[in-house]
Amino acid sequence: MQTTPSTQIVKIPTAFGELEIGGPAFSVIAGPCSIESHSQFLDTAKAVKENGACLLRGGIWKMRTSAKTFQGLGETSFDFIQAVCKETKMGLVSEVTDARQIAEVYDVVDMFQVGSRNMHNYSLLKELGMQKKPVMLKRGFAALIDEWIKAAEYVTNGGNKNVILCERGIRTFETATRNTLDLNAVVYVKKNSSFPVIVDPSHAVGIRALVPDLAIAAAACGADGVIVETHPSPAEALSDGPQALTFDDFKNMMKKIEKVLTALDRPLQKLKI
Ligand code: PEP
Ligand code: MN
(Lines give C-alpha, C1' and ligand atoms only; values in the text may rest on other atoms or scores of the structure.)
(Ligands and ions follow the chains in the order given, each with its own letter.)
Protein backbone atom coordinates (compact mmCIF):
# COMPACT_ATOMS: atom_id res chain seq x y z
CA MET A 1 0.00 0.00 0.00
CA GLN A 2 1.28 3.45 -0.87
CA THR A 3 1.85 5.64 2.17
CA THR A 4 1.12 9.34 2.08
CA PRO A 5 4.33 11.34 2.56
CA SER A 6 4.00 14.00 5.22
CA THR A 7 4.92 17.51 4.22
CA GLN A 8 8.34 18.67 5.30
CA ILE A 9 8.37 21.90 7.25
CA VAL A 10 10.49 24.53 5.51
CA LYS A 11 11.85 27.16 7.86
CA ILE A 12 12.35 30.70 6.63
CA PRO A 13 14.62 32.54 9.04
CA THR A 14 14.32 36.31 8.79
CA ALA A 15 15.89 39.09 10.84
CA PHE A 16 12.49 39.43 12.54
CA GLY A 17 11.75 35.81 13.45
CA GLU A 18 11.35 32.46 11.79
CA LEU A 19 8.45 31.40 9.58
CA GLU A 20 7.45 27.81 8.91
CA ILE A 21 5.79 26.67 5.72
CA GLY A 22 4.43 23.15 5.49
CA GLY A 23 3.15 22.85 9.07
CA PRO A 24 -0.47 23.29 10.17
CA ALA A 25 -0.51 27.05 9.51
CA PHE A 26 -1.57 28.66 6.23
CA SER A 27 0.76 31.43 5.06
CA VAL A 28 -0.12 34.48 3.03
CA ILE A 29 2.72 36.11 1.11
CA ALA A 30 1.89 39.42 -0.56
CA GLY A 31 3.38 42.44 -2.24
CA PRO A 32 3.75 44.07 -5.61
CA CYS A 33 4.66 42.28 -8.83
CA SER A 34 7.62 44.66 -9.24
CA ILE A 35 9.19 46.83 -6.58
CA GLU A 36 8.80 50.26 -8.19
CA SER A 37 9.73 52.85 -5.54
CA HIS A 38 10.34 53.26 -1.81
CA SER A 39 6.85 54.61 -1.18
CA GLN A 40 5.07 52.02 -3.35
CA PHE A 41 6.85 49.17 -1.53
CA LEU A 42 6.47 50.67 1.95
CA ASP A 43 2.76 51.42 1.55
CA THR A 44 2.13 47.92 0.24
CA ALA A 45 4.17 46.28 2.98
CA LYS A 46 2.28 48.16 5.70
CA ALA A 47 -1.12 47.33 4.18
CA VAL A 48 -0.48 43.63 3.73
CA LYS A 49 1.12 43.27 7.16
CA GLU A 50 -1.81 44.97 8.85
CA ASN A 51 -4.15 42.50 7.19
CA GLY A 52 -2.34 39.27 7.96
CA ALA A 53 0.47 38.65 5.46
CA CYS A 54 3.55 37.00 6.98
CA LEU A 55 6.09 37.60 4.19
CA LEU A 56 6.58 40.19 1.44
CA ARG A 57 6.99 39.51 -2.25
CA GLY A 58 8.36 41.89 -4.84
CA GLY A 59 10.29 41.62 -8.07
CA ILE A 60 13.74 43.20 -8.33
CA TRP A 61 14.70 41.72 -11.70
CA LYS A 62 11.68 40.93 -13.85
CA MET A 63 11.28 38.17 -16.41
CA ARG A 64 9.04 40.03 -18.86
CA THR A 65 7.72 38.59 -22.09
CA SER A 66 8.80 41.74 -23.93
CA ALA A 67 12.30 43.18 -23.58
CA LYS A 68 10.76 46.61 -24.18
CA THR A 69 8.77 46.61 -20.92
CA PHE A 70 9.91 47.48 -17.36
CA GLN A 71 12.65 45.07 -16.30
CA GLY A 72 12.82 45.91 -12.57
CA LEU A 73 14.91 48.39 -10.60
CA GLY A 74 17.68 45.89 -9.90
CA GLU A 75 20.41 46.73 -7.41
CA THR A 76 19.48 50.42 -7.26
CA SER A 77 16.55 49.38 -5.03
CA PHE A 78 18.47 47.34 -2.44
CA ASP A 79 18.89 50.13 0.13
CA PHE A 80 15.27 51.14 0.28
CA ILE A 81 14.07 47.52 0.17
CA GLN A 82 16.14 46.79 3.28
CA ALA A 83 14.76 49.93 4.92
CA VAL A 84 11.17 48.81 4.22
CA CYS A 85 11.80 45.32 5.59
CA LYS A 86 13.35 46.82 8.71
CA GLU A 87 10.57 49.34 9.23
CA THR A 88 7.78 46.79 8.80
CA LYS A 89 9.75 43.90 10.35
CA MET A 90 8.97 41.62 7.43
CA GLY A 91 11.05 39.23 5.35
CA LEU A 92 11.12 39.14 1.55
CA VAL A 93 10.89 36.55 -1.21
CA SER A 94 12.21 37.75 -4.55
CA GLU A 95 13.15 36.19 -7.85
CA VAL A 96 16.67 35.58 -9.08
CA THR A 97 16.67 35.27 -12.85
CA ASP A 98 20.37 34.47 -13.19
CA ALA A 99 22.84 32.61 -10.95
CA ARG A 100 25.06 35.73 -10.81
CA GLN A 101 22.31 37.56 -8.91
CA ILE A 102 22.36 35.11 -5.96
CA ALA A 103 25.42 36.62 -4.27
CA GLU A 104 24.37 40.15 -5.18
CA VAL A 105 20.96 39.96 -3.54
CA TYR A 106 21.86 37.50 -0.75
CA ASP A 107 21.48 39.96 2.13
CA VAL A 108 18.29 41.49 0.76
CA VAL A 109 16.12 38.36 0.45
CA ASP A 110 15.01 35.72 2.93
CA MET A 111 13.85 33.24 0.30
CA PHE A 112 14.87 32.96 -3.36
CA GLN A 113 12.14 32.67 -5.97
CA VAL A 114 12.64 30.75 -9.20
CA GLY A 115 10.15 31.93 -11.78
CA SER A 116 8.05 29.81 -14.09
CA ARG A 117 10.26 30.56 -17.08
CA ASN A 118 13.33 29.35 -15.19
CA MET A 119 11.98 26.10 -13.74
CA HIS A 120 14.05 24.20 -16.30
CA ASN A 121 17.19 26.28 -15.71
CA TYR A 122 19.12 23.49 -14.06
CA SER A 123 22.35 25.45 -13.63
CA LEU A 124 20.42 28.09 -11.63
CA LEU A 125 18.75 25.33 -9.58
CA LYS A 126 22.09 23.65 -8.85
CA GLU A 127 23.54 26.95 -7.68
CA LEU A 128 20.53 27.48 -5.37
CA GLY A 129 21.08 23.96 -4.06
CA MET A 130 24.34 25.18 -2.53
CA GLN A 131 22.77 28.13 -0.69
CA LYS A 132 21.67 28.36 2.92
CA LYS A 133 18.41 30.21 2.21
CA PRO A 134 15.11 28.55 1.19
CA VAL A 135 13.91 28.43 -2.39
CA MET A 136 10.38 28.86 -3.76
CA LEU A 137 10.20 27.03 -7.09
CA LYS A 138 7.40 28.06 -9.40
CA ARG A 139 5.97 25.50 -11.77
CA GLY A 140 6.91 25.95 -15.42
CA PHE A 141 3.84 27.06 -17.35
CA ALA A 142 4.01 23.91 -19.45
CA ALA A 143 5.69 21.58 -16.96
CA LEU A 144 4.38 18.22 -15.88
CA ILE A 145 4.04 17.72 -12.13
CA ASP A 146 6.75 15.08 -12.41
CA GLU A 147 9.13 17.54 -14.15
CA TRP A 148 8.41 20.13 -11.45
CA ILE A 149 9.23 17.72 -8.62
CA LYS A 150 12.37 16.58 -10.44
CA ALA A 151 13.41 20.22 -10.90
CA ALA A 152 13.03 20.71 -7.12
CA GLU A 153 15.35 17.76 -6.62
CA TYR A 154 18.10 19.66 -8.47
CA VAL A 155 18.02 22.03 -5.48
CA THR A 156 17.71 19.42 -2.73
CA ASN A 157 20.43 17.25 -4.28
CA GLY A 158 22.91 20.07 -3.74
CA GLY A 159 22.15 19.97 0.00
CA ASN A 160 19.54 22.72 0.28
CA LYS A 161 16.46 20.81 1.45
CA ASN A 162 14.38 23.94 2.03
CA VAL A 163 12.28 24.01 -1.11
CA ILE A 164 8.67 25.15 -1.43
CA LEU A 165 6.74 24.51 -4.64
CA CYS A 166 4.45 27.16 -6.09
CA GLU A 167 1.61 26.34 -8.50
CA ARG A 168 1.07 29.47 -10.67
CA GLY A 169 -1.17 28.21 -13.42
CA ILE A 170 -0.38 26.30 -16.57
CA ARG A 171 -0.98 27.03 -20.22
CA THR A 172 -4.01 25.17 -21.57
CA PHE A 173 -6.32 25.57 -24.58
CA GLU A 174 -8.31 28.12 -22.54
CA THR A 175 -7.60 31.77 -23.29
CA ALA A 176 -10.29 33.52 -21.20
CA THR A 177 -7.88 33.67 -18.28
CA ARG A 178 -4.10 34.24 -18.32
CA ASN A 179 -3.39 30.63 -17.36
CA THR A 180 -5.36 27.79 -15.78
CA LEU A 181 -4.89 27.23 -12.05
CA ASP A 182 -4.16 23.56 -11.54
CA LEU A 183 -5.46 22.70 -8.10
CA ASN A 184 -5.18 19.03 -9.10
CA ALA A 185 -1.43 19.59 -8.90
CA VAL A 186 -1.69 20.99 -5.38
CA VAL A 187 -3.58 18.04 -3.94
CA TYR A 188 -1.49 15.59 -5.97
CA VAL A 189 1.84 16.99 -4.79
CA LYS A 190 0.64 17.13 -1.18
CA LYS A 191 -0.18 13.41 -1.35
CA ASN A 192 2.80 12.28 -3.37
CA SER A 193 5.77 14.38 -2.29
CA SER A 194 7.02 15.95 0.90
CA PHE A 195 7.43 19.47 -0.55
CA PRO A 196 5.15 22.19 0.84
CA VAL A 197 2.99 23.71 -1.90
CA ILE A 198 1.70 27.24 -2.16
CA VAL A 199 -0.55 28.76 -4.81
CA ASP A 200 -0.13 31.94 -6.85
CA PRO A 201 -3.65 32.80 -8.02
CA SER A 202 -2.50 36.18 -9.42
CA HIS A 203 -0.40 34.78 -12.28
CA ALA A 204 -2.76 31.83 -12.69
CA VAL A 205 -5.87 33.82 -13.52
CA GLY A 206 -4.48 37.27 -14.39
CA ILE A 207 -7.74 39.04 -13.51
CA ARG A 208 -7.98 40.95 -10.21
CA ALA A 209 -11.66 40.18 -9.56
CA LEU A 210 -11.03 36.44 -9.76
CA VAL A 211 -7.93 36.26 -7.56
CA PRO A 212 -9.62 36.17 -4.10
CA ASP A 213 -11.91 33.24 -4.89
CA LEU A 214 -8.96 31.19 -6.14
CA ALA A 215 -6.93 32.07 -3.04
CA ILE A 216 -9.86 30.83 -0.94
CA ALA A 217 -9.98 27.64 -3.02
CA ALA A 218 -6.26 27.16 -2.36
CA ALA A 219 -6.88 27.37 1.38
CA ALA A 220 -9.82 24.97 1.08
CA CYS A 221 -7.90 22.31 -0.84
CA GLY A 222 -5.01 22.10 1.61
CA ALA A 223 -2.32 24.31 0.09
CA ASP A 224 0.29 25.55 2.54
CA GLY A 225 -0.28 29.15 1.56
CA VAL A 226 -0.78 31.68 -1.20
CA ILE A 227 1.33 34.40 -2.79
CA VAL A 228 -0.66 37.31 -4.19
CA GLU A 229 0.16 40.55 -5.98
CA THR A 230 -1.02 43.73 -4.32
CA HIS A 231 -0.47 47.36 -5.39
CA PRO A 232 -1.43 50.78 -3.96
CA SER A 233 -2.77 51.82 -7.37
CA PRO A 234 -3.03 48.87 -9.79
CA ALA A 235 -3.91 51.10 -12.75
CA GLU A 236 -0.46 52.70 -12.46
CA ALA A 237 1.51 49.49 -11.87
CA LEU A 238 4.57 49.02 -14.09
CA SER A 239 3.84 45.29 -14.40
CA ASP A 240 0.81 43.04 -13.94
CA GLY A 241 -1.58 45.82 -12.88
CA PRO A 242 -4.70 43.95 -14.11
CA GLN A 243 -4.12 41.15 -11.62
CA ALA A 244 -2.98 43.24 -8.64
CA LEU A 245 -5.31 43.46 -5.66
CA THR A 246 -6.02 46.84 -4.12
CA PHE A 247 -5.49 47.10 -0.37
CA ASP A 248 -9.26 46.81 0.14
CA ASP A 249 -9.42 43.72 -2.06
CA PHE A 250 -6.62 42.20 0.01
CA LYS A 251 -8.36 42.97 3.28
CA ASN A 252 -11.65 41.43 2.09
CA MET A 253 -9.88 38.36 0.75
CA MET A 254 -8.13 37.83 4.09
CA LYS A 255 -11.43 37.90 5.97
CA LYS A 256 -12.76 35.12 3.74
CA ILE A 257 -9.56 33.06 3.94
CA GLU A 258 -9.71 33.25 7.73
CA LYS A 259 -13.28 31.91 7.69
CA VAL A 260 -12.25 28.94 5.55
CA LEU A 261 -9.25 28.27 7.78
CA THR A 262 -11.43 28.38 10.90
CA ALA A 263 -13.84 25.91 9.32
CA LEU A 264 -10.93 23.60 8.55
CA ASP A 265 -9.36 24.09 11.96
CA ARG A 266 -6.17 25.56 10.53
CA PRO A 267 -4.37 28.63 11.88
CA LEU A 268 -3.15 31.55 9.77
CA GLN A 269 0.60 32.05 10.13
CA LYS A 270 0.98 35.29 12.05
CA LEU A 271 4.05 37.40 12.56
CA LYS A 272 5.11 37.57 16.16
CA ILE A 273 6.20 41.19 15.87
C1 PEP B 1 6.43 36.64 -10.46
O2 PEP B 1 5.93 36.01 -9.51
O3 PEP B 1 6.92 37.77 -10.31
C4 PEP B 1 6.45 36.04 -11.80
C5 PEP B 1 7.15 36.56 -12.80
O6 PEP B 1 5.69 34.95 -11.92
P7 PEP B 1 5.86 33.67 -12.87
O8 PEP B 1 7.31 33.29 -12.83
O9 PEP B 1 4.97 32.67 -12.22
O10 PEP B 1 5.39 34.08 -14.23
MN1 MN C 1 3.67 39.54 -11.76
Exercise. Excluding ligands, DNA and RNA, what is the solvent-accessible area per residue of the stretch 184-273 at a probe of 1.4 Å, expressed in Å²?
Worked result: 43
For this session: Convert 10 °C to kelvin, take the viscosity as 1.306 mPa s, use the Kirkwood radius over C-alpha pairs of the stretch 1-159 as Rh, and evaluate the Stokes-Einstein diffusion coefficient in µm²/s, rounded to a whole number.
Result: 96
Exercise. In the chain, with Lys and Arg counted as +1 and Asp and Glu as -1 at Cβ, which of these residues, VAL163, GLN8, TRP61, has the Cα nearest the positive end of the dipole, that is, farthest along it?
Worked result: GLN8
For this session: Using packing as a proxy for protection, rank 219-226, 156-163 so that the peptide with the highest average count of other Cβ atoms within 10 Å comes first.
Result: 219-226, 156-163
Seminar exercise, completed: Of all DSSP beta bridges having both residues in the chain, the percent classed as antiparallel (nearest 5) is 20
Exercise. Calculated FRET efficiency, GLU104 and ALA263, Cβ-Cβ r, R0 45 Å, to nearest 0.05?
Worked result: 0.55
Problem set entry | Gain in span if fully extended, GLU18 to ASP213, counting 0.36 nm per residue against the direct Cα distance | 67.3 nm
Exercise. Which whole DSSP H helices in the chain pass both tests: a Cα extent of 27 Å or more along the axis and a mean Kyte-Doolittle value no lower than 1.6?
Worked result: none
For this session: Calculate what fraction, in whole %, of the accessible area of the stretch 63-197 sits on carbon and sulfur atoms when a 1.4 Å probe is rolled over the protein chains.
Result: 51
Exercise. Which residues in the stretch 1-35 place their backbone N less than 16 Å from a point set 7 Å from the Cα of LYS272 along the Cα-to-Cβ direction?
Worked result: 11-21, 25
Seminar exercise, completed: Distance in Å, no decimals, from the C-alpha centre of the stretch 111-160 to the one of the stretch 177-253 is 20
Exercise. Tell me which aspartates and glutamates have Cα within less than 18 Å of LYS259's Cα, excluding those fewer than 8 residues away on the same chain?
Worked result: GLU50, ASP213, ASP224, ASP248, ASP249
Seminar exercise, completed: In nm, the gap between the two label points placed 7 Å beyond Cα toward Cβ at ASP79 and SER233 is 2.5
For this session: Find the all-direction average of the projected area of the Cα convex hull for the chain, expressing the result in square nanometres with one decimal place.
Result: 13.7
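The values are calculated or read from the model by the stated rules, or taken from the named source; none is laboratory data. Note that this is a predicted model, so its numbers are computed, not measured. Here Cβ is always computed from backbone atoms with ideal geometry, including for glycine, and neighbour counts include all displayed protein chains. The area values use the complete protein model at the heavy-atom level, side chains included, leaving out ligands, DNA and RNA. Shrake-Rupley method; radii C 1.70, N 1.55, O 1.52, S 1.80 Å.
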